[in-house]
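The values are calculated or read from the model by the stated rules, or taken from the named source; none is laboratory data. What you see is a predicted model; the values in this text were computed from it and never measured. Note that each Cβ is placed from the backbone with ideal geometry, even for glycine, and that neighbours are counted across all protein chains shown. Each accessible area value is taken on the protein alone, full model and side chains, heavy atoms only, with ligands, DNA and RNA left out. Shrake-Rupley method; radii C 1.70, N 1.55, O 1.52, S 1.80 Å.
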Amino acid sequence: MNATGLFLPFTPAGKATELRAIEVKAHLGLPSRAIVDPFSVLPDVPAELRQLEAVASAETAGTMLARSDEWSGYAITVPATGEHIIVLNPAHSLERQRATLMEEIVHLVLDHPMSELSVSDSSAPRVNSRTHSSEIEDEAFCVGAACLIPYGLLFDAVKVRGEEVQSIAARFGVSAELVRYRIKRAGLTSIYKRRHSAL
Amino acid sequence: MPITLPLEQLGSELKRRRRERQLSLRAVELQTGVSPATLSRLERGNTPDLSVVEKIANWLGVSVATAGAQRESLSSTVKTDEDLKRTIAVHLRANKKLSSELAEAIAETFDMVVRLELEKQKKKRG
């Protein structure tokens, strides 16, 4: 525990992530130790979640679902109103949608610069491009995970209770994969491995 | 005597005060009558209507120097959908190598959202 009363990870990167997550929670009007439910905080972002069928023709929705393994979700801003709209891949599990939605919310709250998706109008061989920043994507995913599983509660689960990954995942409504990622990024791998054979 | 803030600092002061009090945008909306979307834009540095400036200044207990403030709504300072038609700004969680078909499909959903929002705005104006 430090002078501010916050229980933070021991590693510098873990600490930085947790502080960013606390910043996101402050924007949403939540205390620093809160577990964020991304579905219920949307009005505080503010952003609106729309179903794929509400923003796509049947043909377009079909194309997107056929390529379901290529995308998880996206957020756009309506130019005329500045409103943010988020669309999630409906083929994904609720746990995965929760992580994607949290990531999109982090992008919006931290005011990350948006990628540019350029789509060719020409009917000739189409050349589409997209700008991508690994750093920004990494921050959004990492901070999102910290919002879903706050460090103090994760530490308690791993060190005090000795819970297994699947149990933690079920309790927080996320995937086991996300829990493993969170344990690694929070610097708790060695503590976890003292009680369990592998992460 | 209340503090006088330059208009350009109103958004940052709102953000600071809101976080200090751990208030959500919805909570501030209840106290000021200003929508979360407008509050969020103000915090990001966009210039609001003077009526919004007055409401936020009252809530903060400050006065605001509004020399040169614009009365136009936010939408006039934002690019039109024509300007952005084929380059879309997006936060996208997807494979780094996006197929053309998926990229075009996402662009089409953007077009549909813009179209629906414009129709909604036209209906509101009557």
Checked A:A54, A:A75, A:A58 against criteria (more than 9 Å from chain B (Cβ to nearest Cβ) and under 30 Å from B:K122 (Cα atoms)); the one match is A:A58
The lone condition B:L30 fails out of (1) among the hydrophobic types (A, V, I, L, M, F, W, C); (2) surrounded by 14 or more Cβ atoms within 10 Å (Cβ to Cβ); (3) out of contact with any helix residue (DSSP H, G or I) (no Cβ under 6 Å at 6 or more places or on another chain); (4) at pLDDT 85 or above is (2)
Which listed residue is within 21 Å of A:A145 (Cα to Cα), at pLDDT below 95, more than 8 Å from chain B (Cβ to nearest Cβ) and open to solvent by 30 Å² or more (accessible area, probe 1.4 Å), from A:P113, A:P90, A:P125:
A:P113
For residues that are surrounded by fewer than 19 Cβ atoms within 10 Å (Cβ to Cβ) and of a type in the set (D, E, K, R), scanning just the stretch B:33-54, find the one that is nearest to the chain's Cα centre (by Cα).
B:R44
Wholly within the stretch B:16-67, which helices (runs of 4 or more DSSP H) include no fewer than the required count, namely at least 3 residues that are of a type in the set (A, V, I, L, M) and closer than 13 Å to A:P46 by Cα?
B:25-32, B:36-43
List every residue pair whose Cβ atoms lie under 6 Å apart, where the two residues are 6 or more positions apart in sequence or sit on different chains, the first residue falls within the stretch A:31-42 and is more than 11 Å from A:L101 (Cα to Cα), and the second residue, located anywhere, is among the charged types (D, E, K, R).
A:A34/A:K25
When only residues in the stretch A:27-51 that are surrounded by fewer than 21 Cβ atoms within 10 Å (Cβ to Cβ) and of a type in the set (G, A, S) count, which is nearest to the other protein chains (Cβ to nearest Cβ)?
A:G29
From the set of residues in the stretch B:91-120 that are open to solvent by 60 Å² or more (accessible area, probe 1.4 Å), facing chain A (nearest Cβ under 7 Å) and not in a loop (DSSP other than H, G, I, E, B), which is nearest to A:L108 (Cα to Cα)?
B:R93
